[in-house]
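Peer 1: Questions regarding the structure given below will be posed in turn.
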Amino acid sequence: MEGESDLRRWDELIPDALGLIFRNLPLQEVLTVIPRVCKSWSKAVAGPYCWQEIDVEEWSNRCKPDHLDRILQLLITRSSGSLRKLCVSGLRSNMMFTFIAENAGSLQTLRLTRSEISDSVAEQIAGRLSAITFLDLSYCCKIGATALEAIGKHCKLLVGLCRNMHPLDTADKLSQDDEATVIATTMPKLKRLEMAYNVISTEGVLNIISSCSKLEFLDLRGCWDVKIDDKFMEGNFPNLKVLGPRVLDYYEINNWDDFSDYSDASEDLAWEILAGEMGDYDDDEIYNDGMYDGRLDELELRFYDGIDEDAGIYGWPPSP
């Protein structure tokens, strides 16, 4: 009996603790595996405890737009106003940008890479993003200085901005110095700024670094019109690290520094099925047994945590 009393019941952990634990698992497992373990875990997943940080950036790159919208609406709603971080790629719907902004009271980190947000939409929602400290608008081709100005005026806590572009997206642009001017005049607290492959001049860069006195890192890879004098920089801005404008290597171009989100074909299929199924269920019904009576029960789900030292680069470690 004494031995039994020392056993800990995981299903009796408070939801806050379960949320902290589940947050370290892949999103696919949290949605498809955890709710089936027991009622208390299913309840924890249905609450806001797991959804203060939502990262669907990798998955959204290969997801159908309507599925992506459904997933985001579901998860953001579950966060119940406690959302602190959101990473998503390829958003197309103006409705979703507005929905995110309406639930951004606690949002601090927002990544909207490759999204079709426009200047007019950015102006409409910028006022609701006042708590943002880090914003990634890389490869968003439909915005420019107008959007950045609205963001700079309303997001007074912003310390990090990513505005990287693809060379093909800026091939027809004569200059983006207007964006550099807006950044310099409205974002003085920036500590990190990424502007790879922007068409900006040396004057535009000097305007930024002289106005943003707290800047610690500046990415200028592929900004071929910029000429950096190393001695001048060391003498006047000793605390600022500048990367570029010369491109160093292929891996830095593609930011291949995180191998934790690789998946195989079975995971992709399961995730797509899940997204499709969610559109047919109310929020309260998603985790009922009925949802899993069909195709998902017949599908072998295999999820991977990434490459570990023992597995090397030749195989995937088994899911625990």
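Peer 1: For region 109-120, what are the residues that are out of contact with any Cys (no Cβ under 7 Å at 6 or more places or on another chain), surrounded by 19 or more Cβ atoms within 10 Å (Cβ to Cβ) and closer than 17 Å to Cys155 by Cα?
Peer 2: Across region 109-120, the qualifying residue is only Leu110.
Peer 1: While we're on this one: Identify all residues within region 71-90 that are in a helix (DSSP H, G or I) and either of a type in the set (Ser, Thr, Tyr) or at positive phi (or both); write none if there are none.
Peer 2: Thr77
Peer 1: Additional query: Of a type in the set (Val, Ile, Thr) and closer than 23 Å to Gln124 by Cβ, is that true of Ile76?
Peer 2: It is true that Ile76 is of a type in the set (Val, Ile, Thr) and closer than 23 Å to Gln124 by Cβ.
Peer 1: Based on this model, can you work out whether Ala131 counts as in contact with a Ser or Thr (Cβ under 8 Å, 6 or more places away or on another chain) and in a loop (DSSP other than H, G, I, E, B)?
Peer 2: yes
Peer 1: Could you look through region 102-126, keep only residues that are at pLDDT 95 or above and small (Gly, Ala, Ser), and pick out the one that is nearest to Ile71 (Cα to Cα)?
Peer 2: Among those that are at pLDDT 95 or above and small (Gly, Ala, Ser), it is Ser115.
Peer 1: Tally the residues that are assigned to a helix (DSSP H, G or I) and modelled with pLDDT under 95, restricting the search to region 144-172.
Peer 2: Within region 144-172, residues that are assigned to a helix (DSSP H, G or I) and modelled with pLDDT under 95 number 4.
Peer 1: OK, next. On the given criteria, is Ser138 in contact with a Leu (Cβ under 9 Å, 6 or more places away or on another chain), part of a loop (DSSP other than H, G, I, E, B) and either hydrophobic (A, V, I, L, M, F, W, C) or farther than 24 Å from Thr186 by Cβ (or both)?
Peer 2: So Ser138 fails the test.
Peer 1: For region 164-186, check the following and say yes or no: at least one residue is out of contact with any helix residue (DSSP H, G or I) (no Cβ under 7 Å at 6 or more places or on another chain) and under 22 Å from Asp55 (Cα atoms).
Peer 2: For region 164-186, residues out of contact with any helix residue (DSSP H, G or I) (no Cβ under 7 Å at 6 or more places or on another chain) and under 22 Å from Asp55 (Cα atoms): present.
Peer 1: When the residues of region 184-243 are narrowed to those that are assigned to a loop (DSSP other than H, G, I, E, B) and among the hydroxyl-bearing types (Ser, Thr, Tyr), which ends up nearest to Ala147 (Cα to Cα)?
Peer 2: Ranking the candidates gives Tyr197 first.
Yes/no matrix, rows are residues, columns are (1) farther than 23 Å from Cys162 by Cβ; (2) basic (Lys, Arg); (3) buried (at least 16 other Cβ atoms within 10 Å of the Cβ); (4) modelled with pLDDT under 85:
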residue	(1), (2), (3), (4)
Pro35	yes, no, yes, yes
Trp59	no, no, yes, yes
Arg62	no, yes, no, yes
Leu72	no, no, yes, no
Ser80	yes, no, no, no
Thr98	no, no, no, no
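Peer 1: For Ala171, work out the one condition from (1) surrounded by fewer than 17 Cβ atoms within 10 Å (Cβ to Cβ); (2) touching a residue at least 40 places away in the same chain (Cβ under 8 Å) it doesn't fulfil.
Peer 2: Every listed condition holds for Ala171 apart from (2).
The values are calculated or read from the model by the stated rules, or taken from the named source; none is laboratory data. Nothing here was measured: the structure is a model prediction, and the numbers come from that model. Don't worry about glycine lacking a Cβ; one is built from the backbone with ideal geometry, like all the others, and counts go over all protein chains shown.
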